[in-house]
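Please treat every number below as a calculation from the coordinates, not as lab data. Remember, predicted model here, so these are calculated numbers, not experimental data. Quick reminder, even Gly has a Cβ in these numbers, built from the backbone with ideal geometry, and neighbours come from all protein chains shown.
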Amino acid sequence: MSLSEQQSFSVVGYSQVFLQKLGSAALGFFAAVGRLAQFTGHGVSHCFTPPFFPRLLLRQLIDIGYYSLPVVGLTTLFTGMVLALQSYSGFSRFSAEGAIATVVVLSITRELSPVLAGLMVAGRVGASIAAEIGTMRVTEQIDALTTLSTNPYKYLIAPRLIAGTLMLPVLVLIGDIIGVFGGYIVSIYSLGFIPENYLHKTWEYLERMDVISGLWKAAAFGFIVTLMGCYHGFNSERGAQGVGAATTNAVVSSSILILIFNYFLTQVFFTGK
Amino acid sequence: MAARAKLELRGVYKSFGANHVLKGIDIAVEKGKSLVVIGGSGTGKSVMIKSVLGLISPDKGSIKIDGQETTKLRPPERDAMMRKFGMLFQGGALFDSLPVWENVAFGLIQGHAMDRKQAKDIAIEKLRSVGLSAGVAKLYPAELSGGMQQRVGLARAVAANPEIIFFDEPTTGLDPIMADVINNLIVEASKGLGATTLSITHDMASARKIADNIAMIYKGQIIWHGPAKEIDHSGNEYVDQFIRGRAEGPIKMEV
Ligand SMILES: Nc1ncnc2c1ncn2[C@@H]1O[C@H](COP(=O)(O)OP(=O)(O)O)[C@@H](O)[C@H]1O
Ligand SMILES: [Mg+2]
């Protein structure tokens, strides 16, 4: 075998190995997507078929909704405040300070309140769901549910999915109000705006769709966060390490999915494509 | 075997990827009898029980309850089958988020649609039968010792008067005296109900106490089975090594 033949052989060999690796990675990826799709299908279908567990749902509504209020409120408050400051320092350069109120309300309702609330809830709720369900998996409590004639999808998954999807829009609506209020205080007390003018400007260009699109996003993000928490917890590997990994994966994957879905939802709502 | 088997496994196989755990399990338990399967850690004892319960679906083979094939049951039939079962998990598997009485009453409320008041009364009665006072009923599992958790697990397993009860290493992690207490309670509870039981353990004291018959699992197969009193004269060197707990012998530990 000549030298060049040898070289071309090894190139073929390497590319074959590379293609094999690529192929098995792709297969692994599609298998994971398939498992997630199946889990989602099961989870959603059990949301709509009896028996229902109203007590568990109520507890999740309180856990996910009520207890996330401080975190979401603080986040949107400071975001609204900083937004007013930043747009003032930008817009004052070409005497467009009058647009601050509009910038604040549109950014908050359309983007910042849903995305930041989604991310904060991913950290708070997604992690705790994954840890709780993961621990139940590892200590065989999920198996125990089945032997006691209780479907774990109905008992564990459905209440969390419903609560996440319903409560995030509520949180975001409250976050909208608090965020706008944050911009208002900074504008009035530190930038010297006149309250009536500022409020008038806030309403002037605001359209119903700006708020509603944010609420739809919130519902999607709430579903994503609870779904990822449930999925990773439910498939947790054995041992404390398995539960730890499930928790991390739940937070990371839901955060990334929120950002990706945010882009596509924005495109659907505001360019209609 | 004269009487028809209450529970019968024939040629049951199960692998996880390249890990071939069960390689043709054949066992049968007669109605009202107690079979204990002994074997080392990681030999597939839990996988075997979970296959019978339908928590794991075997790759191949037949599992019959009362002569009825269960491996291909559809969900509603599977639910009906599940109501015949009681299961005590390794470590108890109590629900952390529920008080003790609700753990015990869980199957009655969810599976048998009993109202909570009545289920609570039965739960407290069952707790008393395993030696726990009514005061324990409102505690949470995390507040109990290992032995008490195992008693609660036992009360939960027998709460709905099952026909078949499964015990997965009921004494592992308990001191010898507490283990003996649990063994006595297991015998009492299952004889009291006339239930058929399938237990797995690596604790020989426990096996001797609760078994009518003993089988030994090794490398995914049943290598010996017979009446409990013959275990010391099995003539099987694997069994001899296991019950005497010796490092030397045909069983090599893969470390
Ligand atoms: N759900 C599962 N997924 C993958 N492997 C499993 C699973 N359950 C058990 N195994 C493997 O099967 C083997 C037997 O486990 P198990 O039945 O729990 O042993 P034991 O006899 O100690 O109860 C082990 O090697 C274990 O890693
Ligand atoms: Mg085991």
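Grab the DSSP H runs of chain B that are 4 residues or longer, score each as -39,500 (n - 2.57), total them, divide by all residues and round the 222 nm result to the nearest 500 deg cm²/dmol.
It comes out at -10500 deg cm²/dmol, rounded to the nearest 500.
Taking chain B as a Gaussian network, Cα atoms linked when under 10 Å apart, which of B:P170, B:P227, B:P141 shows the biggest mean-square fluctuation?
Sorting by GNM fluctuation, first place goes to B:P227.
Going down the table (B:K6/B:K50; B:K64/B:K229; B:K120/B:K191), which pairs top 22 Å between alpha carbons?
Beyond 22 Å between Cα atoms: B:K64/B:K229; B:K120/B:K191.
What does the charge count near A:R137 come to, summing +1 for each Lys or Arg and -1 for each Asp or Glu among other residues with Cβ under 12 Å from its Cβ?
-3
Of A:L206, B:L185, how do they rank once you tally other Cβ atoms within 10 Å and put the fewest first?
On the way: A:L206 16, B:L185 19.
Ascending Cβ contact count within 10 Å gives the list A:L206, B:L185.
Summing Lys, Arg as +1 and Asp, Glu as -1, what charge do residues with Cβ under 14 Å from the Cβ of A:Y184 carry, A:Y184 excluded?
-1
Grab the beta carbon distance between B:S15 and A:I256, set R0 = 45 Å, and tell me the FRET efficiency rounded to 0.05.
Details: r = 34 Å, r/R0 = 0.76.
After rounding to 0.05, the efficiency reads 0.85.
For the protein assembly as shown, state the average projected area of the convex hull of the C-alpha atoms over all orientations, rounded to one decimal in nm².
The number I arrive at for the protein assembly as shown is 37.4 nm².
Counting C-alpha atoms alone, how compact is the range A:46-266: give Rg to one decimal and Dmax as a whole number, in angstrom.
Computed over the Cα atoms of the range A:46-266, radius of gyration and Dmax are 20.2, 70 Å.
Helix-only estimate, please: 222 nm mean residue ellipticity of chain A, summing -39500 (n - 2.57) across DSSP H runs of length 4 or more and dividing by its residues, to the nearest 500. Please report the intermediate quantities before stating the final value.
Values: 11 runs with 209 residues, N = 273.
So the helix-based figure for chain A works out to -26000 deg cm²/dmol.
Let me check I've understood the local charge: for B:M48, count other residues with C-beta under 12 angstrom from its C-beta, Lys and Arg +1, Asp and Glu -1. What total comes out?
Spelling it out: positives minus negatives among the neighbours equals +2.
Just want the ordering: A:W216, B:W224, B:W101, from fewest to most Cβ atoms lying within 10 Å of their own Cβ.
Details: A:W216 16, B:W224 19, B:W101 24.
Ranked by crowding around the Cβ, least crowded first: A:W216, B:W224, B:W101.
Write down the percent of antiparallel bridges among all DSSP beta bridges whose residues are both part of chain B, to the nearest 5.
55 percent
Fewest first, what order do B:V36, A:V12, B:V47, A:V125 take by the number of other Cβ atoms within 10 Å?
A:V12, B:V47, B:V36, A:V125
Can you report the principal axis dimensions of the range B:71-220 using only the alpha carbons, biggest first, rounded to whole angstrom?
Each principal axis gives a Cα extent; for the range B:71-220 these are 44, 41, 27 Å.
Taking the simple approach of a point 7 Å from Cα along Cα-to-Cβ for both A:L85 and B:K138, what is their distance in nm?
5.2 nm
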